[in-house]
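Here's the structure, in structure tokens; my notes come after.
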Amino acid sequence: MKNYNIIFIHPPRRVQPNYGENAKFRRGRYLFIPMGVFAIADLLEREGFGVKIINYPLEQYLNHNWSITDFLKNIDVDVCGIDLHWIHNAYGVIEVARIIKEINPNSKVILGGNTASYYHHQILKYYNEIDGIIRGEGEIPLLKYVQSIVKNQSLDFVPNLTYRDSSKQIKVNPISYTAKTLDDLNFTNVSLLNNAKSYFECSRKLMGISFNLSIGRGCPFNCPFCGGGQRAQQKYAGRNEVILRSPEKVIEDIKKIKDNFNIPSVFFGHGSYPANLKYWQNLFGLIKKEKLDISADLEIWRLPFPKKMWKIFHDTFPRKDSSISVSPRTMSENVHYKIAKKADPTFKFSRAQINDLIRNANLFRRTLRIWLTLGFPFQTRLDVLKDFLFMMKCALKYGTTKSKPITIMNELYHIFPGSPAHESPEDYAIKLKYKSFPEIAEAFKKSKISYFYNVINYDTKTFSASSIRIINTLSFLSTVNMLLTTGSKQPE
């Protein structure tokens, strides 16, 4: 029997003991591991602890007969850390925790991530399987937690921790840790991950992008649905500012994972916006100077993204497996105006700026993905019709040849906890369907796993959740030809 001080388990959407030999793997199973898990695991290993990372969805994809129960029966472990960063893992997390406690009741189960941080008190109140939650940034807090558990010491001074004390009372330790720098953390020690090579291969094959590379923490914006914006991170993580890793450290990471795993591309885990364009210019310049033959996926968080940046991106990364994404969510400038007024004055994506992106993508022959969501707050039926016509126009103009690399990505969206719309739904003329964590977990339990991984958790004055799902699914099917002509292999 193998002994570990801590294992990290990336949970599934739903626990399926008998996956089935003929089952297809859907994108909605979401096998991405949050970037911070690798840094936390590496720090614990450097401090002398026995560490392992298990990716539940990946293990079942590689071996349909793989069982979390069988795995746990063959190990002895002090602490099991489960990431609850993304809301769609809400039900899977609880099920994995329950199985852990059934097999090894003496193991401590601790959660971390954005969703766990937001619902920390509710989760401990309703689920006895969970022993504690690290809120916000977790490397030092989890290190201190594991040290305390191994030495049987008090948890009173573990930063960022919510837990039950000996009298079963929920205690909330203060948020006293946020990282001042990220340069002393290692985000690429993937040797701790079981089947690491397959993780890189399957990320590209099944999810459409490769390894998520940590660039920074924090966000200066407050997008209406996003639970990782400036106000949300300030509330549950105590982070008041953006910090970026030095370009030299990022280059070290790229070299390491490219040399060890020969990955075709990286996804930069922080977006481009006017205030950090010089950072991206410096980083791309170093990649070019080092002659690193690798592709890249970059998100645009705010416009403009000038022609100069397109040229630098073109000169740095080959066309194959490279892309730039932007998420206006709707082409309606009236909707953007209302959201900018309610949530963030920078939330502006004018038609002229989008047209500039399209022109530059065609000029420099790099894939541009435009992410839209029909049924966005404040959208009228006319707005949805105009967005649909925009999609059809793009599909006809750019979806018939690989020489025109424009793709419309249509996506169902969940209003994430901590987002402006979640905190004040009445300001966005929406009605939230699920208000507690148990309700959310139950919703994801009942949801069908498909290409889309989100559950629609809101109605607008114009559209119900079911109609939002239908119109987005139809729009996705109508523009699927664009996915086939941009060179990116899409998952089933």
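The values are calculated or read from the model by the stated rules, or taken from the named source; none is laboratory data. Only a predicted model underlies this, so the values are computations on that prediction, with no experimental measurement involved. Don't worry about glycine lacking a Cβ; one is built from the backbone with ideal geometry, like all the others, and counts go over all protein chains shown.
A few points about this structure:
- Any hit, region 147-162, residues being under 23 Å from PHE444 (Cβ atoms) and either in contact with a Lys or Arg (Cβ under 7 Å, 6 or more places away or on another chain) or not aromatic (Phe, Trp, Tyr) (or both): yes
- Among the candidates ILE140, ILE149, ILE100, the residue that is of a type in the set (A, V, I, L, M, F, W, C) and within 24 Å of TYR30 (Cβ to Cβ) is uniquely ILE100.
- Per the conditions (1) within 30 Å of ILE215 (Cβ to Cβ); (2) without any contact (Cβ under 8 Å) to a residue 60 or more places away in the chain; (3) within 23 Å of the chain's Cα centre (by Cα), the sole criterion not satisfied by ALA97 is (1).
- Identity of the residue in region 146-182, in contact with a Pro (Cβ under 9 Å, 6 or more places away or on another chain) and not β-branched (Val, Ile, Thr), that ends up surrounded by the fewest Cβ atoms within 10 Å (Cβ to Cβ): PRO174
- Only a single criterion out of (1) closer than 30 Å to LEU62 by Cα; (2) touching a residue at least 60 places away in the same chain (Cβ under 8 Å) is not satisfied by ASP183, namely (1).
- Criterion violated by TYR413 - all others in (1) farther than 25 Å from ALA116 by Cβ; (2) assigned to a loop (DSSP other than H, G, I, E, B); (3) in contact (Cβ under 8 Å) with a residue 40 or more places away in the chain satisfied: (1)
- Candidates ARG164, ARG217, filtered to the one that is among the basic types (Lys, Arg) and outside the structural domain of ASN55 (by TED's automatic domain parsing): ARG217
- Exactly one residue out of THR407, THR400 is over 30 Å from ARG135 (Cα atoms) and assigned to a strand (DSSP E or B): that is THR407.
- Boolean, THR330 is out of contact with any strand residue (DSSP E or B) (no Cβ under 9 Å at 6 or more places or on another chain), among the β-branched types (Val, Ile, Thr) and in contact (Cβ under 8 Å) with a residue 40 or more places away in the chain: no
- Hey, ILE254 in contact (Cβ under 8 Å) with a residue 12 or more places away in the chain and part of a helix (DSSP H, G or I) or not: yes
- Residue within region 87-104 that is aromatic (Phe, Trp, Tyr) and closer than 21 Å to ILE170 by Cα present: no
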